[in-house]
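**Student:** This is the structure, below, for whatever I ask next.
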Amino acid sequence: EDQVTQSPEALRLQEGESSSLNCSYTVSGLRGLFWYRQDPGKGPEFLFTLYSAGEEKEKERLKATLTKKESFLHITAPKPEDSATYLCAVQGTGAQKLVFGQGTRLTINP
Amino acid sequence: KAGVTQTPRYLIKTRGQQVTLSCSPISGHRSVSWYQQTPGQGLQFLFEYFSETQRNKGNFPGRFSGRQFSNSRSEMNVSTLELGDSALYLCASNRDNGDTQYFGPGTRLTVL
């Protein structure tokens, strides 16, 4: 069965302090790995889709990378508005459903 | 381009009642998926509809059902509500399998 584990569960950083979030996965044939950001009481907001090992994507202060077993979301010089829960999900080949990790709750202190 | 919309945003029901939630996908998206989000279990897949047919189903009891209309709008129904059904119900749409799923704001259901 497809599984996703995210670490750490929670991370507190100072503004400008760079770090990385981890997403480890097992899936029977990867169709895509997805990163979402979720603010309290709102639906997940799409960030990135990665399809194959070695792929990287960037958006502002965020950069996502993918290997055959895990993905990293690197946050460079974060700002308080980057505070949110970051969710990782995988989709297996032939499946529509996304399998989500429990998320990493990120807090950026000014 | 308008995003995924869900109505109502908040619902309070009592045990034993039934509830219907509505989802309007992004224009041009034919696939609608439903997820349940709770603090303990996280986001879990309920089912997916494509061209008015249920194409995939998660591991939820038969009390959870859904349908899709010809304009791709979707509804999900939960009958005989239980306290454990309290959750944020999220709808996501995409063009088809493999495409990125875009989520709506969710419906917060509280069962008393």
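**Student:** Sort out which residues of the stretch B:69-104 are under 11 Å from the mean Cα position of the chain (by Cα), within 14 Å of chain A (Cβ to nearest Cβ) and of a type outside the set (A, V, I, L, M), and write them in order of number.
**Tutor:** The answer is B:74, B:89, B:91, B:93, B:103, B:104.
**Student:** From A:73, A:47, A:30, which residue is hydrophobic (A, V, I, L, M, F, W, C) and more than 14 Å from chain B (Cβ to nearest Cβ)? Please lay out each step first, then the result.
**Tutor:** Details: A:47 fails: more than 14 Å from chain B (Cβ to nearest Cβ); A:30 fails: more than 14 Å from chain B (Cβ to nearest Cβ).
Exactly one of A:73, A:47, A:30 is hydrophobic (A, V, I, L, M, F, W, C) and more than 14 Å from chain B (Cβ to nearest Cβ), namely A:73.
**Student:** From the list A:33, A:87, A:21, pick out the single residue that is crowded, with 21+ Cβ neighbours inside 10 Å, in contact with a Gly (Cβ under 6 Å, 6 or more places away or on another chain) and at pLDDT 95 or above. If you could, list the steps in order and put the result at the bottom.
**Tutor:** Working: A:33 fails: in contact with a Gly (Cβ under 6 Å, 6 or more places away or on another chain); A:21 fails: in contact with a Gly (Cβ under 6 Å, 6 or more places away or on another chain).
Just a single option satisfies the conditions, and that option is A:87.
**Student:** Here's a follow-up. Only one residue in B:35, B:49 is closer than 20 Å to residue A:87 by Cβ and either crowded, with 21+ Cβ neighbours inside 10 Å or hydroxyl-bearing (Ser, Thr, Tyr) (or both). Which one? Write out each step before concluding.
**Tutor:** On the way: B:49 fails: closer than 20 Å to residue A:87 by Cβ.
Answer to the selection: B:35.
**Student:** Separate question: Please state which one of A:64, A:10 is touching a residue at least 24 places away in the same chain (Cβ under 8 Å), within 14 Å of chain B (Cβ to nearest Cβ), surrounded by 12 or more Cβ atoms within 10 Å (Cβ to Cβ) and of a type in the set (Gly, Ala, Ser). First the steps, then the outcome.
**Tutor:** Values: A:10 fails: surrounded by 12 or more Cβ atoms within 10 Å (Cβ to Cβ).
Only one candidate passes the filter, namely A:64.
**Student:** Using the structure shown, decide if residue A:70 is more than 27 Å from residue B:107 (Cβ to Cβ) and without any contact (Cβ under 8 Å) to a residue 12 or more places away in the chain.
**Tutor:** Numbers: more than 27 Å from residue B:107 (Cβ to Cβ): yes; without any contact (Cβ under 8 Å) to a residue 12 or more places away in the chain: no.
No, not satisfied.
**Student:** If the requirement is being closer than 24 Å to residue B:31 by Cβ and among the acidic types (Asp, Glu), which of these qualifies: A:55, A:17, A:9, A:70?
**Tutor:** Working: A:17 fails: closer than 24 Å to residue B:31 by Cβ; A:9 fails: closer than 24 Å to residue B:31 by Cβ; A:70 fails: closer than 24 Å to residue B:31 by Cβ.
When all the criteria are applied, what remains is A:55.
**Student:** Run residue B:43 past the list (1) away from chain A (no Cβ under 13 Å); (2) surrounded by 17 or more Cβ atoms within 10 Å (Cβ to Cβ); (3) more than 11 Å from the chain's Cα centre (by Cα); (4) not in a loop (DSSP other than H, G, I, E, B) and report the number of the one that doesn't hold.
**Tutor:** Unmet for residue B:43, out of (1) away from chain A (no Cβ under 13 Å); (2) surrounded by 17 or more Cβ atoms within 10 Å (Cβ to Cβ); (3) more than 11 Å from the chain's Cα centre (by Cα); (4) not in a loop (DSSP other than H, G, I, E, B): (1).
**Student:** Turning to a different aspect of this structure: Picking from A:50, A:87, which residue would you name as being aliphatic (A, V, I, L, M) and farther than 19 Å from residue B:105 by Cα?
**Tutor:** Details: A:87 fails: farther than 19 Å from residue B:105 by Cα.
The unique qualifying residue is A:50.
**Student:** Next question. Just to be sure I understand the filter: pairs with C-beta atoms under 6 Å, separated by 6 or more residues or on different chains, first member in the stretch A:89-110 and touching a residue at least 12 places away in the same chain (Cβ under 8 Å) and more than 8 Å from every other protein chain (Cβ to nearest Cβ), second member of a type in the set (Gly, Ala, Ser) and buried (at least 22 other Cβ atoms within 10 Å of the Cβ). Which pairs pass?
**Tutor:** If the second residue must be of a type in the set (Gly, Ala, Ser) and buried (at least 22 other Cβ atoms within 10 Å of the Cβ), no pairs are left.
**Student:** Residues to consider are A:48, A:34; find the one that is closer than 30 Å to residue B:8 by Cα, touching a residue at least 60 places away in the same chain (Cβ under 8 Å) and under 10 Å from the mean Cα position of the chain (by Cα). It would help to see each step written out before you state the result.
**Tutor:** Working: A:48 fails: touching a residue at least 60 places away in the same chain (Cβ under 8 Å).
Selected residue: A:34, the only one of A:48, A:34 that is closer than 30 Å to residue B:8 by Cα, touching a residue at least 60 places away in the same chain (Cβ under 8 Å) and under 10 Å from the mean Cα position of the chain (by Cα).
**Student:** Let me ask you something else. Here are the criteria: (1) more than 10 Å from chain A (Cβ to nearest Cβ); (2) closer than 22 Å to residue A:86 by Cα. Tell me which single one residue B:26 does not satisfy.
**Tutor:** Among (1) more than 10 Å from chain A (Cβ to nearest Cβ); (2) closer than 22 Å to residue A:86 by Cα, residue B:26 violates only (2).
**Student:** OK, next. Looking at the stretch B:55-85 only, could you name the residues that are among the polar types (S, T, N, Q) and either part of a strand (DSSP E or B) or crowded, with 17+ Cβ neighbours inside 10 Å (or both)?
**Tutor:** B:56, B:65, B:68, B:72, B:74, B:77
The values are calculated or read from the model by the stated rules, or taken from the named source; none is laboratory data. Quick caveat, the model's predicted, so the values are computed rather than measured. We place every Cβ from the backbone using ideal geometry, glycine too, and count neighbours over all the protein chains shown.
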